[in-house]
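Q: Got a structure here, written out as structure tokens. Questions coming.
The values are calculated or read from the model by the stated rules, or taken from the named source; none is laboratory data. All of these numbers come straight from a predicted model, not from anything done at the bench. All Cβ positions, glycine included, derive from the backbone under ideal geometry; neighbour counts span all protein chains shown. Surface accessibility is based on the protein's heavy atoms, side chains included, excluding ligands, DNA and RNA. Shrake-Rupley method; radii C 1.70, N 1.55, O 1.52, S 1.80 Å.
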Amino acid sequence: MSEHIAVLAGGLSLEREVSLRSGGRIADALDSLGHQVDLLDLDNTLVSSLMEGSYDVVVLALHGRAGEDGTVQGLLELLGIPYTGPEATASALAWDKAICKGVLARGGIPTPAWTTVSSDVIRDLGGAPALPRLVERLGLPLVVKPAQGGAFMGVRFVDDAARLSDALMAAFSYHDVVLAEQFVEGTEVAITVLDGEPLPAVEIEPKGQRYDFAARYTHGATDFYVPARLADRVRARAEEVVMQAWDLTGCRHIARADLIIDEDGEPWILELDTCPGMTETSLVPMAAEAAGLSFPKLCDRMVALARHG
């Protein structure tokens, strides 16, 4: 059945270009299936466009602030327009990595140990002398990342305590709360959940030392294996943990979990992505294809899920 669909992409976040690529690809896929598709940006005409457009469904291809933090989701709920992906509350929860990790940990879901640091503590409360405690508590190496944001922006791996301050300052340039997280050695894996069912896991093997911004966005810098090269027991445990996180945070339709599988085969959830990328090199389309779902069919399935709540 042909639908009138708005694909939301772009916005003003630092991830605008990736979002536009995701949105354009989704729009093309849905158009190829006979849907009437409009590609909309997040600007000051958005609300009027949505109210006047008589859209059956909105497909979210947004990355970064406003698109993933529950803002647009709340707007669409106010307007009564069905949309793809988790609802506003689940989106806001997953968007803040520190809060999400706290919820996961309270639910007994394994996530690496962490501590948050606010720029207010450093600037207004004289907190700089306490920073060495991060290394004492979490050990080295550790990972420093903005508490909000995606695409590996502002993420630093700290192997030397002398570099901790620089890593924190870099992360503070993206958000005023920063996460210092214990580094878990192991295999990087991403598991997408579609309508409550895990798709084949994607194993991520950077050709350099670590999977960072350069490894993610430099062509040929990373090898991907779908399905991931995991023993059945390990795969089943990873899927179990991801589904627990899906249920606990109230996700729906589609979301992706990023994990580390440690040397003992135990999974550790790093974060949840409630509006994952859909570009030619994104992880979700890889997983869907391995499950026998072409990209147009994946997009069509997302539309159907939104239409049915």
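Q: Search the structure for amide H atoms under 5 Å from the amide H of Leu39, placed 1.01 Å from N in the peptide plane, and list their residues when 5 or more places away or on another chain.
A: Val7
Q: To continue, here is another question. Using heavy-atom solvent-accessible surface (probe 1.4 Å) with all chains present, what is the largest-first order of Trp114, Trp246?
A: On the way: Trp114 75, Trp246 25 Å².
Of Trp114, Trp246, the descending order of accessible area is Trp114, Trp246.
Q: Got the relative contact order for the range 118-178 handy, in percent, Cα pairs under 8 Å and 6 or more residues apart? Please report the intermediate quantities before stating the final value.
A: Working: 79 pairs, mean separation 22.1, N = 61.
Normalised by residue count, the contact order of the range 118-178 is 36 percent.
Q: Then there's this: Counting other Cβ atoms within 10 Å of each Cβ, which GluC sites (Glu not before Pro) in the range 229-294 have at most 16 and sit in a DSSP loop? Intermediate results must be reported in sequence, preceding the final value.
A: Values: sites: Glu239, Glu240, Glu263, Glu271, Glu280, Glu289; in loops: Glu263, Glu280.
Those satisfying the criteria are Glu263, Glu280.
Q: Rank Val135, Val242, Val47 by accessible area, highest first, at a 1.4 Å probe radius?
A: Working: Val135 35, Val242 5, Val47 65 Å².
Putting Val135, Val242, Val47 in descending order of accessible area: Val47, Val135, Val242.
Q: Moving to a separate point now. Kindly provide the helix-only [θ] at 222 nm of the chain, computed as the sum of -39,500 (n - 2.57) over DSSP H runs of four or more divided by all residues, to the nearest 500 deg cm²/dmol?
A: Working: 12 runs with 117 residues, N = 309.
Rounded to the nearest 500, it is -11000 deg cm²/dmol.
Q: Scanning the chain for helices, which whole DSSP H stretches are 20 Å or more long along the axis (Cα) and average -1.0 or more by Kyte-Doolittle? Walk me through the numbers before you get to the answer.
A: On the way: long enough: 16-32 (24 Å, -0.43); 232-249 (26 Å, -0.49).
Helices meeting the criterion: 16-32, 232-249.
Q: Would you tell me the accessible area of Ser48, worked out with a 1.4 angstrom probe on the heavy atoms of the protein chains, in Å² to the nearest 10?
A: Ignoring ligands and nucleic acids, Ser48 comes out at about 50 Å².
Q: Sticking with this structure for a sec: Can you tell me the alpha carbon radius of gyration of the range 259-309 divided by the globular rule-of-thumb value 2.2 N^0.38 Å? If you can, show how the numbers build up before the last one.
A: On the way: Rg = 14.0 Å, N = 51, 2.2 N^0.38 = 9.8 Å.
Ratio of Cα Rg to 2.2 N^0.38 Å: 1.43.
Q: Note down the relative contact order for the range 93-237 as a percent, whole number, built from C-alpha pairs under 8 angstrom at least six residues apart.
A: Details: 220 pairs, mean separation 28.4, N = 145.
Relative contact order, the range 93-237: 20 percent.
Q: Heads up, I need the accessible area for Glu205: 1.4 angstrom probe, whole protein in place, Å², nearest 10.
A: For Glu205, solvent-accessible area is about 70 Å².
Q: Just how much of His175 is accessible, in Å², when a 1.4 Å probe is used and the result is rounded to the nearest 10?
A: Taking all protein chains as shown, His175 has close to 40 Å².
Q: Which of the lysines could a cross-linker bridge to Lys207, judged by Cα under 25 Å and excluding same-chain residues fewer than eight apart?
A: Lys145
Q: For the chain, give the share of DSSP beta bridges that are antiparallel, in percent and rounded to the nearest 5; count only bridges with both residues there.
A: Details: 38 of 48 bridges.
Counting DSSP beta bridges with both partners in the chain, the antiparallel share is about 80 percent.
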